[in-house]
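The values are calculated or read from the model by the stated rules, or taken from the named source; none is laboratory data. Bear in mind that the values here come from a model prediction, so they are computed numbers and not experimental data. Don't worry about glycine lacking a Cβ; one is built from the backbone with ideal geometry, like all the others, and counts go over all protein chains shown.
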Amino acid sequence: MSAVLPSRTGKGSRPTPVLPSPAAANAAAASFAALTARLDYLEPGDVEQVRQAYRFADEAHLGQIRASGEPYITHPIAVAAQCAEWKLDAQALMAALLHDAIEDCGVTKPDLIERFGAPVAELVDGLTKLDKLQFNTREESQAESFRKMLLAMARDVRVILIKLADRTHNMRTLDDVPREKWGRTSRETLDIYAPIAHRLGLNQTYRELQELAFRHLRPWRHKVLDKAVARARSRRRDLIQKVQREVEQAFESAGMKVRIAGREKTLYSIYTKMDEKHLSFAQVTDIYGFRVVVPSVTDCYTALGILHQTYKPVPGRFKDHIAIPKVNGYQSLHTTLVGPSGVNVEFQMRTEAMHVVAESGVAAHWLYKANPTDADTAERLGTKWLQSLLDIQHETRDAAEFWDHVKIDLFPDAVYVFTPKSQILALPRGATVVDFAYAIHSNVGDRTVAAKINGVQVPLRTELKNGDVVEVVTAAVSTPNPAWLGFVRTGRARSKIRHHLKSLAQAESQELGEKLLAQALRAEGIERSPADDEEHHAMWERLLRFTGNKSRAELLTDLGLGKRIAGIVAKRLMTLMTERGERPDALLMTRERYTAHENVSQGGVVLDGSENASVQFAACCRPVPGDAIVGYLGRGEGLVVHMEDCAVARRLQHKDSERFIGVEWADEPVRPFETMVMVTVANTKGVLARVASALAGVEADITHVDMDDDRGQDATDLRFLIAVRDRAHLEAVMRTLKRTPSVMRAQRLRAGHSGS
């Protein structure tokens, strides 16, 4: 099948309908010949499939050229070559060759399924950007694009490996692209692709992406550092050679076979260290180091002992990433030694298998297919993180919010903590007890009420440290607290909490909407809302078309959130019911409409304090049980309860009276309610303690305290946010405060009122 369409260069360049010269075509063919030389690990049949994919891609990209002037096909070949370095399978190599076919050539997914099978088509589709869809902003488009890519990656990690190979080749050839595009592409690489590479343990790719992005984002600084490192390398060549000779002799004397290689800190890591720690180049001491590759794990620790006998170790600079691997599967022993002339030199000890994992990360899954411990390795190499992407997506449908959660998890460092049963968990630095609970299981996180670290009870917001033993206490009736969003660190915890709160708010708003509609229908003479059954289905469908809602549940939720007015919906529903021959009850209508409160309809919503997201108590007047109250149905914010004489409520009532509904207190509220009191006191020693003690004596909980900075004055104002049972309890609090020594005046604070 042919896929030659109007020529496009892709990757942001304008179309150039120029056929490649014979020489260029030969160059492309030669590139594929070079690729086949790397495919010796594949079966002959698989190589032939890859060749078929190459021919299809070559035909699809015919006439397209890159910004460098090379035929466009050279790019897919380069991407496939990088995938071949990781020993990816034939399907992945075919997808690498075809990865721009849908995006740039108009080839469809069904075309690819028919030609190469569904697995290859799925890989290509996961790699395809969403240029064809319309988005409000570039950021929204980018967020949706990354959401799609990461979800495809969670289902099949080969997607991200191909994508990283694609981005690496684009960064290698960024010099050919107009300079104004360097900044955006480089920043995106540093913020997104390099962290993903690091998270999956692809350290070689991670370092290269950082280095290329730094060179194009900060060309001048890169050049200056490059020259400084070259000079330092020249000055210290003799010293480094001396260290290598002495270390080789030490291992030879011990009869130990090792492979020693020098390693140099990348320019970007030097730059970030100088920037973050405010160091000069001369103060960065660990630019050079050595990697010691040994036959077995035991040899790693033996090698450490030999090195510590050769040079003195720097205290506090030893790390054992073998016993406790990094979250991306990296394993090595690290130690820093004081070499000749007092120069610090870092050494890393690892086995050959560890070295492959350290450089290739999750790609080692393919490099070590024959290894019987492959399943364990794959589990360690970030698969838990990939699975968590699917969990986050399940709870977060918004692309920007999904990407926000994922970025939180792309961390460069981690803390390692233990469960009471000595299982190790890796969490991002700054993670709290709540993050730990959600890392164990979402049900544990949702029901967390308390925690102990190393046997000592701690607040849930406590940050975890390396080596902590964390024990979580749960309760079956507990639910996530919205305040947790202020301190949790992991995307998993954040998405789980948000999902629960959204579900709770929706359920409560729906229940409130049902009450409001029933109340409005009674005012129209309808005893109860008609059921959503087969008999009334057509009527509900007509009502939903009128309101623009997809379902009855959505309509009720909108009523509860104040996005729809219950009275208008009730009038429409009454009209539809009348058309069906169901007549309103005139007596009920008269009773509801004319024996009501002068401002709001009778039979209002009853409040007992168990309402969460659907009902808010206004911060301007902070009503408590016993106060005369009114309910304002805010647009999209649910029911807001004000005191009847609140100045803010009076203004709203004058402007928006149809949004007010009747509300009343339950006989026995289930919780205390917050209100604000201001206490004017003489500026004497211990006065705050006396006032706080008086409040505690009358069983009023203090939730917040604020005071003026009047140190030079005779008197000062203390503002307390206190929780009381009802108005009678509040009056008892006020009497107690007025009798307290040093208190001049006590009053309740409300917006637009002087106090009471």
Condition met for ARG291 (closer than 24 Å to LEU212 by Cβ and touching a residue at least 60 places away in the same chain (Cβ under 8 Å)): yes
The one condition HIS654 fails out of (1) in the same structural domain as GLN510 (by TED's automatic domain parsing); (2) touching a residue at least 24 places away in the same chain (Cβ under 8 Å); (3) loosely packed, with under 12 Cβ neighbours inside 10 Å is (2)
Residue count, region 247-259 (criterion: under 48 Å from the mean Cα position of the chain (by Cα) and surrounded by fewer than 16 Cβ atoms within 10 Å (Cβ to Cβ)): 4
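Sort through ARG494, ARG498, ARG489 and tell me the only one that's touching a residue at least 40 places away in the same chain (Cβ under 8 Å), of a type outside the set (A, V, I, L, M) and closer than 14 Å to ALA426 by Cα. If you could, list the steps in order and put the result at the bottom.
Working: ARG494 fails: closer than 14 Å to ALA426 by Cα; ARG498 fails: closer than 14 Å to ALA426 by Cα.
Exactly one residue qualifies, and that residue is ARG489.
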Across region 223-244, what is the number of residues that are at pLDDT 85 or above and under 22 Å from THR189 (Cβ atoms)? 4
Could you please tell me which pairs satisfy a Cβ distance under 7 Å, a separation of 6+ or placement on different chains, a first residue in region 242-253 that is farther than 13 Å from PHE347 by Cβ, and a second residue that is aliphatic (A, V, I, L, M) and surrounded by 12 or more Cβ atoms within 10 Å (Cβ to Cβ)? none
Wholly inside region 263-379, helices (runs of 4 or more DSSP H) that include 2 or more residues that are at pLDDT 80 or above and closer than 24 Å to ALA228 by Cβ are 267-277
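Would you call GLY662 in contact with an Asp or Glu (Cβ under 7 Å, 6 or more places away or on another chain), over 30 Å from ILE497 (Cα atoms) and touching a residue at least 40 places away in the same chain (Cβ under 8 Å)? So that I can check it myself, show each step before the final result.
Details: in contact with an Asp or Glu (Cβ under 7 Å, 6 or more places away or on another chain): no; over 30 Å from ILE497 (Cα atoms): yes; touching a residue at least 40 places away in the same chain (Cβ under 8 Å): yes.
When the stated conditions are applied, GLY662 does not pass them.
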Only unsatisfied item for LEU202, checking (1) crowded, with 20+ Cβ neighbours inside 10 Å; (2) modelled with pLDDT of 85 or more, is (2)
For region 594-608, which positions are in contact with a Lys or Arg (Cβ under 9 Å, 6 or more places away or on another chain), modelled with pLDDT of 60 or more and crowded, with 17+ Cβ neighbours inside 10 Å? VAL605
Of the conditions (1) part of a helix (DSSP H, G or I); (2) buried (at least 16 other Cβ atoms within 10 Å of the Cβ), the single one that ILE722 does not satisfy is (1)
Just one of GLY339, GLY329, GLY305 is over 20 Å from LEU202 (Cα atoms), among the small types (Gly, Ala, Ser) and buried (at least 16 other Cβ atoms within 10 Å of the Cβ); which is it? GLY339
